[in-house]
Amino acid sequence: MSYLSGYPRVKLLTSIVAIFIIVQSVNSLTAGGLTQFGLVPRTEWGLLGIFFAPFIHGSWEHLLSNLPPFIILSALLLHRTIKAYILASLFIIIVGGLAVWLIGRNAVHIGASGWFFGLWGLLIAQGFFRRKWGDIAIALLVLFYFGTMASGLLPTHLYISTESHIAGAIAGAIYAWLSHRYHQKTNNRSL
């Protein structure tokens with residue numbers, strides 16, 4: 001394995017962070033003009049927000065509070081393959097976003113927290129479903145280091161999209177279960 005084998009993973013993660021920063025720069029320069037592209041439940045326009053909302057943040061403070069857990073949880077999931085990370089992320093963004101669109105309160109939901117709560121739920125659930133030492137170790141690390149994230153599943157502030165946190169975590173756990181079932185079926189066919 002070459003020392004450059006991790007480079008595409010670093011490049012992907014760096015690119016996503018760069019997109020976050022560029023979008024926030026534009027949002028700051030336009031006095032929050034991009035916020036209108038967030039997820040607004042039960043509206044046609046809000047459906048587009050499912051894809052845009054994770055990249056839009058209300059302020060630099062909002063972005064900077066989301067970046068550390070996003071980067072760490074993404075890096076932990078990227079230890080597998082880039083394809084696995086992208087598929088899991090798309091599932092979390094779409095399924096979690098759809099859940100917020102269906103049941104979220106009438107507000108503009110923005111930010112990457114639903115995405116990283118999905119990664120959090122996925123990494124914990126993988127340890128449970130796969131029962132491999134590496135996955136269990138990562139799940140325990142995530143629980144130990146990010147255990148306080150569970151408090152983000154409780155509605156504490158009106159301006160925080162608890163719906164996104166819950167929907168993301170559930171979407172991540174569902175993806176872990178579906179992925180486990182898929183691998184079980186493909187392994188059984190190859191026997």
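The values are calculated or read from the model by the stated rules, or taken from the named source; none is laboratory data. Source: prediction; values computed, not measured. Please note: Cβ atoms are built from the backbone with ideal geometry, for glycine as well, and neighbour counts cover all protein chains shown. Surface areas here come from the heavy atoms of the whole protein model, side chains and all, with no ligands, DNA or RNA. Shrake-Rupley method; radii C 1.70, N 1.55, O 1.52, S 1.80 Å.
Straight-line cross-link reach from LYS185 at under 18 Å between alpha-carbon atoms covers these lysines, not counting any fewer than eight positions away in the same chain: LYS132.
Peptides 107-117, 171-181 ranked from most to least packed give 107-117, 171-181, packing being the mean of other C-beta atoms within 10 angstrom over each peptide's residues.
The residues of the stretch 50-191 expose, per residue, 54 Å² of accessible area to a 1.4 Å probe. In percent, rounded to a whole number, the relative contact order of the chain is 22, using alpha-carbon pairs under 8 Å and six or more apart.
One chain, two ends: ALA84 and ALA150. Fully extended at 0.36 nm per residue, the span grows by 21.3 nm beyond their Cα-Cα distance. Across the stretch 1-101 the C-alpha pair distances fall into 10 Å bins from zero in the proportions 14, 40, 34, 10, 2 percent. For the chain, the longest principal axis of the Cα atoms and the long axis of helix 7-29 meet at an angle of about 10 degrees.
Please determine, in degrees from 0 to 90 and to the nearest 10, the orientation of helix 133-146 with respect to the longest principal axis defined by the Cα atoms of the chain, where the helix direction is its Cα long axis. The angle comes out near 30 degrees. Projecting the Cα atoms of HIS157, ALA173, PHE129 onto the charge dipole of the stretch 96-189 (Cβ charges, centred on the Cα centre) puts PHE129 farthest toward the positive pole. Dipole check for the chain: with +1 at the C-beta of Lys and Arg, -1 at the C-beta of Asp and Glu, and the Cα centre as origin, the magnitude is about 800 Debye. Between ALA75 and LYS11, the contour length at 0.36 nm per residue exceeds the Cα-Cα span by 21.9 nm. Extension gain for the segment ALA18 to THR43, taken as residue separation times 0.36 nm less the Cα-Cα distance, is 6.1 nm to one decimal. Pairs of alpha carbons in the chain separated by more than 23 Å make up 43% of all such pairs.
Build a GNM of the chain with springs between Cα atoms under 10 Å: which of LEU141, LEU123, LEU77 gets the top mean-square fluctuation? Of LEU141, LEU123, LEU77, the most mobile in the Gaussian network model is LEU141. Inter-label distance, LEU141 to VAL26: 3.4 nm, where each label sits 7 Å from its Cα along the C-beta direction. GNM on the chain, alpha-carbon springs under 10 angstrom: the most fluctuating residue among LEU158, LEU90, LEU39 is LEU158. Pairing the Cα long axis of helix 82-91 with the longest principal axis of the chain, what angle in degrees results, from 0 to 90 and rounded to the nearest 10? Between helix and principal axis, roughly 50 degrees. Computed from the Cβ-Cβ distance with R0 of 30 Å, the FRET efficiency linking LEU178 to LEU67 stands at 0.60.
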